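Taking it in order: structure first as structure tokens, then the write-up.
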Amino acid sequence: MSTGFLLPDLNDEDGAPFWAAAADHRLVVQRCARCALRTMPPRPMCPTCRGTEFAWETLSGRGTIWSYVVAHPPLLPAYAEFAPYPVVTVSIDEDPLIRFVGNLVRSADAPINSVDPATITIGAPVQVVFTPVDDVVFPRWMPV
């Protein structure tokens, strides 16, 4: 059954290792083999040294809310029934310059509108949780 959500291409050469790790409930980022710079989103070349060899580093999944928005209609039809819902930008504990964007939820199996936007605080600690949607496992964020 298809949800109608916009889903990533799991076979994209740069992003496939990220999505494979998410399916195993691991949050990973690229790390340049030449200069050790962490990068997110995945890309074919290091923006610092232009290296093209990467390792995938598993992160703790802990971070803090760096920013957020509350999505309101009009939205794509698949998302409209959930609105309003919060979308957070999370700064990762291992490297505050690495940031992920995703939904803030009460638990891995909670809907994307399960957190009252009035309770969100910049700097609040969060932990990654993983949620399957169709054939993709998404990292989402849960208050700690």
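The values are calculated or read from the model by the stated rules, or taken from the named source; none is laboratory data. Keep in mind the model is a prediction, meaning the values are calculated, not measured. Reconstructed Cβ throughout: ideal geometry from the backbone, glycine too, with neighbour counts over all protein chains shown.
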All positions within the range 108-130 that are modelled with pLDDT under 95 and under 15 Å from the mean Cα position of the chain (by Cα): ALA108, ILE112
Selected residue (only one of ASP95, ASP109 is surrounded by 14 or more Cβ atoms within 10 Å (Cβ to Cβ), closer than 19 Å to ARG26 by Cβ and among the charged types (D, E, K, R)): ASP95
Residue in the range 90-102 that is more than 22 Å from ARG43 (Cβ to Cβ) and in contact with a helix residue (DSSP H, G or I) (Cβ under 9 Å, 6 or more places away or on another chain) present: no
So CYS35, is it over 16 Å from VAL137 (Cα atoms), crowded, with 17+ Cβ neighbours inside 10 Å and in contact with a Ser or Thr (Cβ under 9 Å, 6 or more places away or on another chain): no
Condition broken by ILE65, with the remaining ones in (1) of a type in the set (A, V, I, L, M, F, W, C); (2) crowded, with 17+ Cβ neighbours inside 10 Å; (3) in contact with a Gly (Cβ under 9 Å, 6 or more places away or on another chain); (4) within 22 Å of PHE5 (Cβ to Cβ) satisfied: (4)
Unmet requirement for PRO47, which otherwise passes all of (1) more than 14 Å from the chain's Cα centre (by Cα); (2) surrounded by 13 or more Cβ atoms within 10 Å (Cβ to Cβ): (2)
Options ALA78, ALA83; residue that is surrounded by fewer than 17 Cβ atoms within 10 Å (Cβ to Cβ), hydrophobic (A, V, I, L, M, F, W, C), assigned by TED's automatic domain parsing to the domain that holds VAL126 and without any contact (Cβ under 8 Å) to a residue 60 or more places away in the chain: ALA83
